[in-house]
Every structure is written in structure tokens, then in C-alpha cells.
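**Q** The structure's right below; bear with me while I get my questions together.
Quick note: the coordinates plus some simple rules give every number you see, no bench work behind them. Treat the numbers as computed from the prediction; the structure is a model and nothing was measured. Reconstructed Cβ throughout: ideal geometry from the backbone, glycine too, with neighbour counts over all protein chains shown.
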Amino acid sequence: MRIHVITIFPELFPAFLDAGIVGRAIRSGLAAVDIHDLRVFTHDRHRTVDDAPFGGGPGMVMRPEPLSEAIDSLSLGLGAPVVLLTPQGKQLTQREAERLSAQPEVAMICGRYEGVDERIRTNVATEEISIGDYVLTGGELPAQVMIDAMIRLLPGALGHGDVALVDDSHTSGLLQYPQYTRPADYQGQGVPDVLVSGDHAAIAAWRRQEALRRTFERRPDLLEKAPLTTWDELLLRQLGWVPDRKR
């Protein structure tokens, strides 16, 4: 897949794009990420990308012309998502990351200041996404979060058959079960016996049980949409879960 990012701070991306799974996926050709400097699409000697809001008020608003020209320059394919990163958007979830990672091409607009001109929202962006209910100084960090969430889902990106994706938090609808590694004893704390038993069926059952328990304790809201078996529901009821009657 190819990802385009439009930003006034392109210098924030090289180290991120060179490291870890994202960097490996780019070097192997699984993904391409193009960072576009918005100031290239300005036409004044000061390379101005913002202006005072009509009607008055604090701060500055990103002008529509450079953003529109930047998107036009990409020659995106029909139906390619143009994502405006804004705290007013729908929340990024695992399902949204999966949907976007299946696209051959995605463009992202990194907002700054007091936001972007409303005409970019209505005429250029095809959707708006937020990474949480809080405000950041700009869309560059959300863009990096989205890039990471999408690229790791590409077949081959994780480098081990991608089997770990199945058990990731949120992928299965539940939070992930507890994980342990060496040493078997750390400061007097051991590892659950089942994990060193060699009984793969028992290990799988324990992991499912603990994923259900952890989700109930930390994010019970997820259980209303998670695919649950009769065994799952029985265990959860023993923990005190009361399902939504609409389920």
C-alpha cells in the first residue's frame, strides 16, 4: 500500500519511518510512505499556510488553497480515502485500521493551529479520524499512530507468518491475555504452571479464559460486541458480567 502524509513538519517523520516493523515493511516493499511538505504548495515568498479566522477569535486557521493543491498533486485513485486527522473525527479503532490497511492508497492531512478551513473538510477530505478524546498540537503524531496501525496489518509485515495478529488486543474483540517469558522465577514470582505444561489445549483454554477475565475487568464495554461462545458467556457470568439485554 502507499500512504501519503501532508504536513508542515516533514522533519518529524524520517526516524519513525526508518525504525522497527514500519521501517522493515517499507524497505521490503510492502508499503511506501510519502511525506509531502505543505509549504511546497504555497505561492508567496513567506510560504504562508495559515491565516486569521473570519469572525475573529484566537489562533490561526490553515488555508484551503495549499491543502487542496497538495491533494490534487497526488493523483489519487478513485475512492482512495483522504483522511483529515482531527479531534472532531470518528475514533480510530482496530476495525478502522483494518479497513484502511486494505486500501491500496491512503492520504492523510495533518491539521495544525485552530484547524483547517471548513471547505477542506467538506470538499477535499473524505473522512475525519481522531486517535482519542484529547487535543494535540497537530496531526503528525496521529498520522504516525495510523501508519503503524495499518502497516503492521499488511501480510508479511510482522515477519513471522503474522500469527500473532490473531491474539492482539482488539483484533479478536478482547484484550490480550497475560504474557510471560524467562526467567521462570523473577523476584519470587513464578509463571502459571499451565504455560510450562506442554499441554497446548490447556494453554489455549487458559489464554482464552484470561483474555475474557482481563477484558471484563478493564474494558467490559468491549464484551457487548465481541464474538462470544456459550463457554465464554458462562465464564463471564461467573465473574459477575451482566450482558446487555439487546445482545
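**Q** Would you work out the charge dipole size for the chain about its Cα centre, treating the Cβ of every Lys and Arg as +1 and the Cβ of every Asp and Glu as -1, and quote it to the nearest 20 debye?
**A** Charge dipole of the chain: 540 debye, to the nearest 20.
**Q** Only bridges whose two residues both fall in the chain count here: according to DSSP, what percent of them are antiparallel, nearest 5?
**A** 15 percent
**Q** Once the Cα gyration tensor of region 1-140 is diagonalised, what are the square roots of 5 times its eigenvalues, in whole Å and ordered largest first, as equivalent ellipsoid semi-axes?
**A** Semi-axes, largest first: 25, 17, 15 Å.
**Q** Below 8 Å, C-alpha to C-alpha, sequence gap of six or more: please give me the relative contact order for the chain in percent.
**A** 18 percent
**Q** Go from 0 up to the bin containing the longest alpha carbon distance in the chain, width 10 Å each, and give me the % of pairs per bin.
**A** Calculated over all Cα pairs of the chain, the distribution is 6, 24, 27, 21, 14, 6, 1 percent.
**Q** If you don't mind, another one. What translational D, rounded to a whole number of µm²/s, comes out for region 62-187 from Stokes-Einstein when the hydrodynamic radius is the Kirkwood one over Cα pairs, at 25 °C and 0.890 mPa s?
**A** Details: Rh = 16.5 Å.
In µm²/s, the coefficient is 149.
**Q** Taking every eigenvalue of the Cα gyration tensor of region 105-146, multiplying by 5 and rooting it, what semi-axes result, largest first, whole Å?
**A** So the three semi-axes of region 105-146 are 17, 14, 9 Å.
**Q** Next question. What number results when the radius of gyration of region 169-239, computed over Cα atoms, is divided by 2.2 N^0.38 Å?
**A** 1.21
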